[in-house]
1. Given THR356, THR376, which one is assigned by TED's automatic domain parsing to the domain that holds LEU280, in contact with a helix residue (DSSP H, G or I) (Cβ under 7 Å, 6 or more places away or on another chain) and at negative phi?
2. Does ALA271 satisfy the condition of being surrounded by 18 or more Cβ atoms within 10 Å (Cβ to Cβ) and small (Gly, Ala, Ser)?
3. So which of GLY235, GLY310, GLY265 is exposed (fewer than 15 other Cβ atoms within 10 Å of the Cβ), within 30 Å of ALA204 (Cβ to Cβ) and out of contact with any helix residue (DSSP H, G or I) (no Cβ under 9 Å at 6 or more places or on another chain)?
4. Restricting attention to region 1-48, and to residues there that are closer than 23 Å to ILE390 by Cα and among the small types (Gly, Ala, Ser), which single residue is farthest from the chain's Cα centre (by Cα)?
5. With the requirement that a residue be exposed (fewer than 10 other Cβ atoms within 10 Å of the Cβ) and either of a type in the set (A, V, I, L, M, F, W, C) or farther than 17 Å from VAL88 by Cβ (or both), what does region 129-145 give you?
6. Residues of region 49-66 being of a type in the set (A, V, I, L, M, F, W, C) and part of a loop (DSSP other than H, G, I, E, B), which ones?
7. Are there any pairs, at least 6 apart or on different chains, whose C-beta atoms fall under 7 Å, with the first in region 376-405 and closer than 13 Å to GLY189 by Cα and the second part of a loop (DSSP other than H, G, I, E, B) and among the acidic types (Asp, Glu), and if so, which?
8. List pairs: first residue in region 330-353 and touching a residue at least 24 places away in the same chain (Cβ under 8 Å) and over 15 Å from THR284 (Cα atoms), second residue of a type in the set (Lys, Arg) and not in a helix (DSSP H, G or I) anywhere in the structure, Cβ distance under 8 angstrom, at least six positions apart or on different chains.
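The values are calculated or read from the model by the stated rules, or taken from the named source; none is laboratory data. The model shown is predicted, which means the values in this text are computed figures rather than measured ones. Quick reminder, even Gly has a Cβ in these numbers, built from the backbone with ideal geometry, and neighbours come from all protein chains shown.
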Amino acid sequence: MKNTLRQVFHSSKFLVGFILFVLILLTIWIYPFLNPGNPLEMIGVGTFAKPGTYVSVYDALNTGTETLRLPDADDKRVDQLLSDADRVSMLEWFDIMEIDVSDLDATDTEALLDLWFEHYDQSIKPKGMTQAKRNFYKRLDNSVRQIRSADTLKIMHPEEGELVERGSINKTDYVNVGDVANVKLLPLGTDNFGRDVLKEMVSATGTSIVIGLIAGIVATLIGLTLGLLAGYVGGWVDDIIMFITNIFTVIPGFVLLILISYSIGQEQRGASVVAIVIGLTSWTWTTRSVRSQVISLRNRDHVNLSKLSGHSLVRIVATDILPYIASYVVMAFILQVSSGILAEAQLSLLGLGPKTTVTPTLGLMMNWAMLYSAHTNGSWWAYFPVILTITLISFSLNLMNTGLDQVFNPTLRD
């Protein structure tokens, strides 16, 4: 046993896959201690908040300030104000007014604004321009001029039914984030429901791995049991088992999985139920593979000796056959776990995964991102990290399986 384990961990592929998978498991275990609470808690009112550190503006107003004079502060404010669409609209206005901008670089904010302040006049009504478009240019002009000219921002608050000035914020006032009472770090932003994507994804990863493990155990046990019986007993037992296996092989497994999941209903589809259903529909190739392995072993000398000694069927299978295919069973289990995780993701993308109100899964997060068009509005953080996580889990498991295959398969040994 020790020699076998030594050989396994000397395989570079298995070692890399094992380390990667362990790191994923450690993250699932440690992160909830660093960021406790319900992963489905909605902390944001809006949807798809960008990744970053969020500071309470209300608390920042009551924090002591320091005066910093940064030379490019105004330029950064204006650059942030002018989006690419705004720059294109300004160029369109120049074109309508027949102002030559052939030598103007739209990304040169300073030159663009100098030309804008030189020629733009709110009283001008360009021919063919709608009132809504003219109002847009007025708002843009007012915003840019206010940033460039105003040195302070007035703070107003209601008092006795009227808005009165409470104070002002200078353009050179800065606060230390550490002094602000409420600061929230969102490395992956929020999803369509205003939930912390990283916190949700860590919980979803754990659930998906559990689903994969349950599905792998169910599929491997069924496949192993039927494969051992068919391969060792043979005869009519083999014929019946292979007839059933062929029927399930002819029917596409994923189609069968969809039909069963749909018939169960949303309320009854918990994570465990989905995992069991996946396991019940993915055992056929394990049965065929185990059967072929057992057929090659059942007439070996040590097996025939056990038969002559009068040992029972269970003992012969457990002591004389199973140890010889144990490595293959482990590899089949690893592949079944990986397949189970991918099957859950596929089901959830179709809306047939576990209940959405109980616990998140990686597939459900993909489904939510798709339903709320995260892929079309540029909210990559809602789906890309999930895709990457699924890929890393599958990659680590398949790398472990490849490493085991190189150790135990004589034809692949160096």
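1. Of the residues listed, the single one that is assigned by TED's automatic domain parsing to the domain that holds LEU280, in contact with a helix residue (DSSP H, G or I) (Cβ under 7 Å, 6 or more places away or on another chain) and at negative phi is THR356.
2. For ALA271, the condition - surrounded by 18 or more Cβ atoms within 10 Å (Cβ to Cβ) and small (Gly, Ala, Ser) - is met.
3. GLY265
4. Per the criteria, the residue is SER12.
5. GLN131, ALA132
6. Correct list: ALA49 only.
7. These pairs meet every condition: ALA382/ASP191.
8. LEU352/ARG269; GLY353/ARG269
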